[in-house]
Amino acid sequence: MNISGVPLLVELTNLPAGSQSTETDQEEISIHKDVVSAVIWQRWIACYMLYDWNLLNAESAYEDDMCIWVLEVCRRLEGTTINARSLESTLTDTFNHVLLEDVEGFIQQHMSEWKCDRATVELWIAWAISELFPVKPLPGRQ
């Protein structure tokens, strides 16, 4: 299997009847992004934009880094055995962890450069998210 041309070297178990693992060797698959991925994406974009307040640059940097994250997902899963029915969720969960670690790197970098604590950086991330994305007010708190 390949993700964006990157080999995913895993062994699948519980394949559907009649299919063989060799049939999936050259199959192109993708990483499904879920709502958790979307929230982490928003945090990543907000972290980036605390350096460069240009949404086009942030989105471009995100897309540029995607190949690095796909490589890391494949590296982490290499040699593992995965139930074929849970492959999509395993890829999504692994991707979310990789992306979240990148967000954590941004946060640590901001803390170091700004000489501040995590709460200060988190406050600025929340502010950036509120400026960039629709946020519903809490019920009864308008």
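The values are calculated or read from the model by the stated rules, or taken from the named source; none is laboratory data. The structure presented is a predicted model; accordingly, all values stated were derived computationally and were not measured. Neighbour counts are summed over all protein chains in view; Cβ atoms, including those assigned to glycine, are modelled from backbone coordinates with ideal geometry. To get the accessible areas, we keep the full protein, side chains included, count just its heavy atoms, and leave off ligands, DNA and RNA. Shrake-Rupley method; radii C 1.70, N 1.55, O 1.52, S 1.80 Å.
Which ones in the range 124-142 are outside any loop (DSSP other than H, G, I, E, B) and open to solvent by less than 50 Å² (accessible area, probe 1.4 Å)? Talk me through it step by step, then tell me what you get.
Filtering the range 124-142 for residues outside any loop (DSSP other than H, G, I, E, B) gives 124-132.
Across the range 124-142, the qualifying residues are Ile125, Ala128, Ile129, Leu132.
What residue, of Cys74, Cys67, is closer than 14 Å to His97 by Cβ and out of contact with any helix residue (DSSP H, G or I) (no Cβ under 8 Å at 6 or more places or on another chain)? Let's see the steps before the verdict.
Working: Cys67 fails: closer than 14 Å to His97 by Cβ.
Sole residue among the options that is closer than 14 Å to His97 by Cβ and out of contact with any helix residue (DSSP H, G or I) (no Cβ under 8 Å at 6 or more places or on another chain): Cys74.
Pull out all pairs, ordered by first then second residue, where Cβ-Cβ is under 7 Å, the residues are six or more apart or on different chains, the first lies in the range 37-55 and is in a helix (DSSP H, G or I), and the second is of a type in the set (Val, Ile, Thr) and modelled with pLDDT under 95.
Listed by first residue and then by second, the contacts come to nothing, as the list is empty.
Of the residues Val73, Val121, only one is open to solvent by less than 80 Å² (accessible area, probe 1.4 Å), among the β-branched types (Val, Ile, Thr), under 14 Å from the mean Cα position of the chain (by Cα) and under 17 Å from Trp44 (Cβ atoms); which? Full working, then the answer.
Numbers: Val121 fails: under 14 Å from the mean Cα position of the chain (by Cα).
Among Val73, Val121, only Val73 is open to solvent by less than 80 Å² (accessible area, probe 1.4 Å), among the β-branched types (Val, Ile, Thr), under 14 Å from the mean Cα position of the chain (by Cα) and under 17 Å from Trp44 (Cβ atoms).
Can you tell me which residue among Ser89, Ser37 is open to solvent by 50 Å² or more (accessible area, probe 1.4 Å), within 30 Å of Leu9 (Cα to Cα) and of a type in the set (Gly, Ala, Ser)? Before the answer, list the steps.
Working: Ser37 fails: open to solvent by 50 Å² or more (accessible area, probe 1.4 Å).
When all the criteria are applied, what remains is Ser89.
For the range 56-70, what are the residues that are closer than 28 Å to Arg118 by Cα and either open to solvent by 40 Å² or more (accessible area, probe 1.4 Å) or not in a helix (DSSP H, G or I) (or both)?
The answer is Leu56, Asn57, Glu59, Ser60, Glu63, Asp64, Asp65, Ile68.
What number of residues in the range 1-38 are of a type in the set (Val, Ile, Thr), modelled with pLDDT of 85 or more and within 18 Å of the chain's Cα centre (by Cα)?
5
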